[in-house]
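The values are calculated or read from the model by the stated rules, or taken from the named source; none is laboratory data. Given the structure is predicted, the values throughout are model-derived calculations rather than measurements. Cβ: placed from backbone, ideal geometry, glycine included. Neighbour counts: every protein chain shown.
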Amino acid sequence: MKAAKKDETALSSSAKELENSFIERMEVCAERAGSVTALARKARISQSGIRRYFSGGEPTRPHLVALAKAAKVDLVWLATGEGEPERSELGRLQVSATKVDLELLEKVGRTTFEELARREIALDPTAQARLIRVLYRHFSSRHEPPDHATVSNIIDLAAFRSGQQAGAEHERRHRLRQGDSGDT
């Protein structure tokens, strides 16, 4: 009977240590995110949910992944305490590769380049990359293959927004010049 009680005490002591070490890792995450509130916001977890984890509650797998991403820490380290908090390049590549639909990305890129060429629009590589990222997110969120009409519409929208921003900047500069010339 004493041996069973001793084993039970050892197990509960071990569980407490694991719980405390997870809470300590959560504290590191909060520090890296800026605060507990910032960590919750970045991970898109409710305040009550995040408090539960700081009190020893077990996060779900999706929440664990979101917490690791929000704090920019290694997922294995957060879950187990093994390794270092810094994300390894290999780990980051593995996580990224599981999320990106490479076939869809290729189709989005090809359709975008075809549409830009058809419309004779020349963009610098950075602008092309941003456009493809926006289009990829659009099509992946809708689980649709890219089509030229939608790509064309999104290019128009991006050009309109860019033109609006440029127009607003031009107007602001014009007002400043008008104000400056009126003072002299």
Looking only at residues in the stretch 21-36 that are over 15 Å from residue 47 (Cα atoms) and among the aliphatic types (A, V, I, L, M), which one is farthest from the chain's Cα centre (by Cα)? 23
Given the condition at pLDDT below 95 and either surrounded by 15 or more Cβ atoms within 10 Å (Cβ to Cβ) or assigned by TED's automatic domain parsing to the domain that holds residue 158 (or both), answer yes or no: does some residue in the stretch 8-22 qualify? yes
Within the stretch 97-109, restricting attention to residues that are over 17 Å from residue 64 (Cβ atoms) and exposed (fewer than 10 other Cβ atoms within 10 Å of the Cβ), which residue is modelled with the highest pLDDT? 103
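Run down 148, 138 and say which single residue is at pLDDT 85 or above, in contact with a Lys or Arg (Cβ under 9 Å, 6 or more places away or on another chain), surrounded by 10 or more Cβ atoms within 10 Å (Cβ to Cβ) and under 16 Å from residue 105 (Cα atoms). Walk me through it before giving the result.
Values: 138 fails: in contact with a Lys or Arg (Cβ under 9 Å, 6 or more places away or on another chain).
Just one listed residue meets the conditions, 148.
Determine, yes or no, whether residue 31 is of a type in the set (Asp, Glu) and in the same structural domain as residue 155 (by TED's automatic domain parsing).
Numbers: of a type in the set (Asp, Glu): yes; in the same structural domain as residue 155 (by TED's automatic domain parsing): no.
The answer is no for residue 31.
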